[in-house]
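The values are calculated or read from the model by the stated rules, or taken from the named source; none is laboratory data. The structure displayed is predicted, hence computed values, not measured ones. As a convention, Cβ positions derive from the backbone with ideal geometry for all residues, glycine included, and neighbour counts pool all protein chains shown. Just so you know, the surface numbers come from the protein's heavy atoms only, side chains and all, with ligands and any DNA or RNA stripped out. Shrake-Rupley method; radii C 1.70, N 1.55, O 1.52, S 1.80 Å.
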Amino acid sequence: RGRGPLYISVQLLVANLDRLPFSTPSMSFSDLILSAFLSILSILARFFHRLRRAIRRLHPPPMIRTANYHFLRSCPYTCQYCFYPDTNSSFLPLPVALRGLRLLRAAGFSKITFSGGEPFMHPKHLAAMVRACKEEMGFPVVSVVTNGALVRE
């Protein structure tokens, strides 16, 4: 009895007081114990910090994988509740839109949703982007949000 790990650790500490890096000859025993405790806490903090970084490298946090791509603002309606009441006809030129889509795919996005105003106001433009997303860029999921007014097929 009385020879457990704590007793042995304290005995080793006392026996090696003069060799410990955190002790000075004028320190009281309680100051020495406190200093040793704080040193151990510092070592543990560094260990857990490194462990947390290693875990994050092995298991990175989930990334946003879905993007809503608004390539135009125009729509044939002027609904009061809509957040895109713009009726102008401007939209991203196809090369610029495709470059943006490639950047999204390279960043790890796996789902793209075309929206804006009404995507079917420019059906050829929309078709070219959907085709590029599926065939060239390999997006597993491509969808279109529409009010359906201009869908012909």
Only one of Thr87, Thr78 that is polar (S, T, N, Q), in a loop (DSSP other than H, G, I, E, B), at pLDDT below 80 and surrounded by fewer than 12 Cβ atoms within 10 Å (Cβ to Cβ):
Thr78
Tally the residues that are more than 30 Å from the chain's Cα centre (by Cα) and in contact (Cβ under 8 Å) with a residue 12 or more places away in the chain, restricting the search to the stretch 129-151.
4
Just to be sure I understand, how many residues within the stretch 125-153 are basic (Lys, Arg) and more than 17 Å from Pro76 (Cα to Cα)?
2
Matching residues in the stretch 33-61 (farther than 30 Å from Gly108 by Cα and open to solvent by less than 100 Å² (accessible area, probe 1.4 Å)) number 12
Looking at the stretch 92-108, is at least one residue modelled with pLDDT under 80 and either of a type outside the set (Gly, Ala, Ser) or open to solvent by 90 Å² or more (accessible area, probe 1.4 Å) (or both)?
no
Take the conditions modelled with pLDDT under 80 and not in a strand (DSSP E or B) and apply them to Ile64. Does it pass?
yes
Test each condition in (1) touching a Phe, Trp or Tyr at 6+ places or on another chain (Cβ under 9 Å); (2) at pLDDT below 85 for Leu126 and report the one that comes out false.
(2)
Hits in the stretch 110-153 - residues which are charged (D, E, K, R) and either part of a strand (DSSP E or B) or surrounded by 14 or more Cβ atoms within 10 Å (Cβ to Cβ) (or both)
Lys111, Glu118, Lys134
